[in-house]
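Heads up: the structure comes next, in structure tokens.
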Amino acid sequence: MYNTIQTLHSYWAYIVLLVLIIAAVNAVVKFLGNKEYSAKDFRISLFTLIVSHIQLLIGLVLYLVSPRLALFGELGMGGVMKDAVNRLYLVEHPFVNIIAVALITIGYSKHKKKLTSSAKLKPIAIFYTLALLLFLSRIPWSAWLS
């Protein structure tokens with residue numbers, strides 16, 4: 001079960017990353033170019049919100065069934081934090097990515113309340129770009145690309 005969820009989490013991450021890049025770049029380009037907010041922009045930002053929340057749910061299930069979780073009992077928090085790999089998988093990756101999904105949610109929620117195109121695109125551009133940077137900072141690249 002663990003391997004299946006881990007594989008799903010890894011492949012779904014490609015989708016999240018692709019969609020988030022599209023949404024962030026689209027919002028930044030349209031905001032800086034003073035373009036009009038359209039139904040397509042709404043769909044892109046909504047789809048990004050949905051796929052990121054699905055990834056969060058998959059990640060939480062993966063975390064709870066992970067054999068690494070037992071390391072907290074064996075090594076304690078101090079032992080986990082001393083090992084860079086365990087710290088990445090058990091603390092940094094989950095914590096930073098939860099913050100990234102929260103930023104996407106905040107950006108989406110803020111944009112819905114605005115009335116003008118510029119005001120709608122600005123929170124998406126800011127919050128989705130920050131979320132993208134956080135995602136990119138905590139991807140376990142050595143395991144992901146091998």
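So what is the relative contact order of segment 6-95, in percent, for Cα pairs below 8 Å that sit 6 or more residues apart? Don't skip to the answer; put the middle values down first.
Working: 39 pairs, mean separation 25.9, N = 90.
It comes to 29 percent, rounded to a whole number.
Could you list which residues have their amide H under 5 Å from that of residue 66, counting only those 5 or more apart in sequence or on another chain, with H placed in the peptide plane?
So residue 66 has HN proximity to no qualifying residue.
What is the angle, in °, between the Cα long axis of helix 117-138 and the longest principal axis of the Cα atoms in the chain? Nearest 10 is fine, range 0 to 90.
That works out to roughly 20 degrees.
In nanometres, what is the gap between the two model label sites at residue 18 and residue 57, each 7 Å from Cα along Cα-to-Cβ?
Label-label distance for residue 18 and residue 57, simple model: 2.1 nm.
With θ taken as phi - 60° and the coefficients 6.51, -1.76 and 1.60, list the Karplus ³J(HN,Hα) couplings across segment 54-65 in order, rounded to whole Hz; mark glycine and proline as x.
4, 4, 4, 5, 4, x, 5, 5, 4, 4, 6, 9
Taking residue 114 as the anchor, which aspartates and glutamates have their alpha carbon closer than 20 Å to its alpha carbon, excluding any fewer than eight residues away along the same chain?
Leaving aside aspartates and glutamates fewer than 8 places away in the same chain, those within reach of residue 114 are 36, 41.
In whole Hz, with x marking every Gly and Pro, tabulate ³J(HN,Hα) for segment 66-81 from phi via Karplus 6.51 cos²θ - 1.76 cosθ + 1.60, θ = phi - 60°.
Taking θ as phi minus 60°, the curve returns 5, x, 5, 4, 5, 5, 4, x, 6, 9, x, 5, x, x, 5, 5 Hz for segment 66-81.
When we measure straight from the Cα of residue 110, which lysines land under 16 angstrom away, once same-chain ones fewer than 8 places off are left out?
Partners within reach: 120, 122.
Tell me the label only: which of (i) 16.2; (ii) 15.3; (iii) 14.7 is Kirkwood radius over Cα pairs in Å as calculated from this structure?
(i)
Can you grab the distance from the C-alpha centre of segment 33-64 to the C-alpha centre of segment 84-125, Å, no decimals?
Here the answer is 10 Å between Cα centres.
Using each residue's phi in segment 13-23, evaluate 6.51 cos²θ - 1.76 cosθ + 1.60 at θ = phi - 60° and report the 3J(HN,Hα) Karplus result to the nearest Hz, with x for Gly and Pro.
4, 4, 5, 4, 4, 4, 5, 5, 4, 4, 5
A short reminder: the numbers here are calculations on the coordinates, not readings from a lab. Note that the coordinates shown come from a computational prediction; the quantities given were computed from them, not determined experimentally. In this analysis, Cβ positions are derived from the backbone assuming ideal geometry, glycine residues included, and neighbour counts consider all displayed protein chains.
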